[in-house]
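One structure is given below, encoded as structure tokens.
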Amino acid sequence: MKVSIRAETPADIEGVRAVNLAAFKQPVEADLIDRLRISSPDFISLVAVNARQVVGNIVFTPATLESGQMPISGMALGPMAVLPAFQRKGIGSTLVQLGMALIRQRSVPFVVVLGHPNFYPRFGFAQSIAYGIECPWPGIPKEVFMATILDEKLMAGRKGLVRYRPEFDSAL
Ligand SMILES: CC(C)(COP(=O)(O)OP(=O)(O)OC[C@H]1O[C@@H](n2cnc3c(N)ncnc32)[C@H](O)[C@@H]1OP(=O)(O)O)[C@@H](O)C(=O)NCCC(=O)NCCS
């Protein structure tokens, strides 16, 4: 099976929606991505494509650490999804690795993710609270809100609440 990963194009929008609907079994994430695409600056969406079909998708949007007088701009990973029939074949991992490589090129100091605690640690994520980075939503178990620090110098001693794009508020 040959899967290639590339930036989303307008022709992929329907496929991205289909992947998210099938993986999450609800429209919340697909709708969120459609909103973010329209209104979020620095919206990053990569697709995994097999035989011209979108089979996986990963999205990154800006997130801000409200730390002292100088908020720090980082990114939030998510949603991400792989079509059920294509899961557990390494596609999700490749999407995270290539997405994070892109993020590093942009000198982003931190990335946060709300997701499976057995999946993201293999890519360098740890419970965000270990870094003093707090989840913006109440009631989220600490294991599922994770962060990775890409610029240790800039992030040294910086703690606080992380804010996602407002488009996420109606999704959680
Ligand atoms: C999570 C997801 C994106 C991973 O994509 P993938 O292509 O299956 O991932 P890979 O094959 O690279 O890696 C598989 C790993 O994902 C994790 N994983 C996959 N599905 C999982 C699930 N439903 N619950 C918990 N962990 C899961 C496992 O740790 C698995 O590792 P293992 O095979 O060593 O046990 C995909 O399973 C998916 O779309 N799930 C439904 C949507 C979802 O929950 N997305 C949110 C992710 S935060």
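The values are calculated or read from the model by the stated rules, or taken from the named source; none is laboratory data. It should be emphasised that the depicted structure is a prediction, and the values quoted were computed from it without experimental measurement. Neighbour counts run over all protein chains shown; Cβ positions are idealised from the backbone, glycine included. Accessible surface areas use protein heavy atoms only, side chains included; no ligands, DNA or RNA. Shrake-Rupley method; radii C 1.70, N 1.55, O 1.52, S 1.80 Å.
So which residues in the range 116-135 are at positive phi and under 14 Å from the mean Cα position of the chain (by Cα)?
So the first thing to find is which residues in the range 116-135 are at positive phi, and the list is 124, 132.
Scanning the range 116-135 gives a single hit, 124.
What number of residues within the range 125-147 satisfy the criterion of being open to solvent by less than 40 Å² (accessible area, probe 1.4 Å) and of a type in the set (D, E, K, R)?
The qualifying residues number 0.
Report, by residue number, each residue of the range 136-149 that is farther than 24 Å from residue 82 by Cβ and either over 17 Å from the mean Cα position of the chain (by Cα) or not in a strand (DSSP E or B) (or both).
Result: 136, 137, 138, 139, 142.
Looking at the range 54-95, which of the residues that are buried (at least 22 other Cβ atoms within 10 Å of the Cβ), over 21 Å from residue 1 (Cα atoms) and β-branched (Val, Ile, Thr) is nearest to the ligand (Cβ to nearest atom)?
59
Is it the case that residue 23 is under 16 Å from residue 125 (Cβ atoms), assigned to a helix (DSSP H, G or I) and over 12 Å from the mean Cα position of the chain (by Cα)?
Details: under 16 Å from residue 125 (Cβ atoms): no; assigned to a helix (DSSP H, G or I): yes; over 12 Å from the mean Cα position of the chain (by Cα): yes.
Spelling it out, it is not the case that residue 23 is under 16 Å from residue 125 (Cβ atoms), assigned to a helix (DSSP H, G or I) and over 12 Å from the mean Cα position of the chain (by Cα).
If you go through the range 63-100 one residue at a time, how many are within 23 Å of residue 158 (Cα to Cα), outside any loop (DSSP other than H, G, I, E, B) and more than 10 Å from the chain's Cα centre (by Cα)?
7
Here are some residues: 117, 138, 109, 121. Which one is without any contact (Cβ under 8 Å) to a residue 12 or more places away in the chain and not small (Gly, Ala, Ser)?
138
In the range 113-124, is there at least one residue being among the aromatic types (Phe, Trp, Tyr), open to solvent by less than 50 Å² (accessible area, probe 1.4 Å) and more than 14 Å from the ligand (Cβ to nearest atom)? Outline the logic, then answer.
Here is the first cut: in the range 113-124, the residues among the aromatic types (Phe, Trp, Tyr) are 119-120, 123.
Then keep just the ones that are open to solvent by less than 50 Å² (accessible area, probe 1.4 Å); that gives 119-120, 123.
Checking which are more than 14 Å from the ligand (Cβ to nearest atom) leaves us with none.
No, the conditions are met nowhere in the range 113-124.
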